[in-house]
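The values are calculated or read from the model by the stated rules, or taken from the named source; none is laboratory data. Note that the structure is predicted; figures quoted are calculated from it, not measured. Glycine gets a Cβ as well: all are built from the backbone with ideal geometry, and neighbour counts include every protein chain shown. All accessible areas refer to the heavy atoms of the entire protein, side chains included, with ligands and DNA or RNA removed. Shrake-Rupley method; radii C 1.70, N 1.55, O 1.52, S 1.80 Å.
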Amino acid sequence: MGSEERYHKTFSVSWEQIQRDCKALAWRLLDRKWERIIGIARGGLIPAAIIARELDIRLVDTVCVSSYTMKRQGELEILKQIDTSSKGEGWLIVDDLVDTGKTAKVVREMFPEARFAAVYAKPEGRPYVDTYITEVSQDTWILFPWDAEAQYSDPISMRQK
């Protein structure tokens, strides 16, 4: 299914909103002291940094997984792993969004004892995440501020013609 058939709506997230939502996620994660935070690159890097600050987590790492080219999800490719024998006990994995759950499933298999948190979750991906802030419909493309720039857009009424 191409992006034209899959995404019917766009949800734009501002820098201020992503910061507010990440802080809200941090509040939900206060139930324990985390040893390490792992951001899933690239989308999870900014949320992981905000949450690391809010929860005073100093050990920050990344797992790099490639799956999207613009709005089209392709084959998963693990570009960087963490060299460890740990199953992730006391670790927090953070991503911006859990969409279909394919990336989350792979990372959860790497660290089955870690807690997985995402700022946004879609119905197909929700079973793979332990904690999230906002659920978004499966047919919505989330436009994050690091993927956008400010420019003029037609009013909604003009776009319907």
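Worth a mention:
- Local electrostatic count, R126, Cβ distance below 14 Å [Lys/Arg +1, Asp/Glu -1]: -1
- Mean residue ellipticity at 222 nm, helices only, the chain: -7000 deg cm²/dmol; runs of at least 4 DSSP H residues each add -39,500 (n - 2.57), and the sum is divided by the number of residues.
- Label-point gap, in nm, between K33 and D154 - each point 7 angstrom along Cα→Cβ: 5.8
- Solvent-accessible surface (1.4 Å probe) assigned to S86 amounts to roughly 40 Å².
- Prolate/oblate/rounded label for region 1-123 (Cα gyration tensor, a/c 1.5): oblate
- Computed extension length for T131-W146: 3.1 nm, one decimal, from 0.36 nm per residue of separation with the Cα-Cα distance subtracted.
- Of the trypsin sites (Lys or Arg not before Pro) in region 37-133, the ones in a loop by DSSP (not H, G, I, E or B) with at most 14 other beta carbons within 10 Å are R58, K71, K87.
- The mean sequence distance of close C-alpha pairs (under 8 Å, at least 6 residues apart), as a share of the length of the chain, puts its relative contact order at 25 percent.
- GNM result for the chain, Cα springs below 10 Å: residue of T140, T131, T103 fluctuating most strongly: T140
- Shape category assigned to region 52-161 from the gyration tensor of Cα positions, a/c cut at 1.5: prolate
- Centre separation in Å (Cα based) which lies between region 1-60 and region 113-142: 11
- Taking the 1.4 Å solvent-accessible surface of region 16-161 as the whole, the part contributed by carbon and sulfur is 49%.
- At most 16 other Cβ within 10 Å, DSSP loop - GluC sites (Glu not before Pro), region 66-150: E89, E113, E124, E149
- Residues of region 83-104 falling in the label zone of V60, defined by backbone nitrogen less than 19 Å from a point 7 Å along Cα to beta-carbon, are 83, 91-97.
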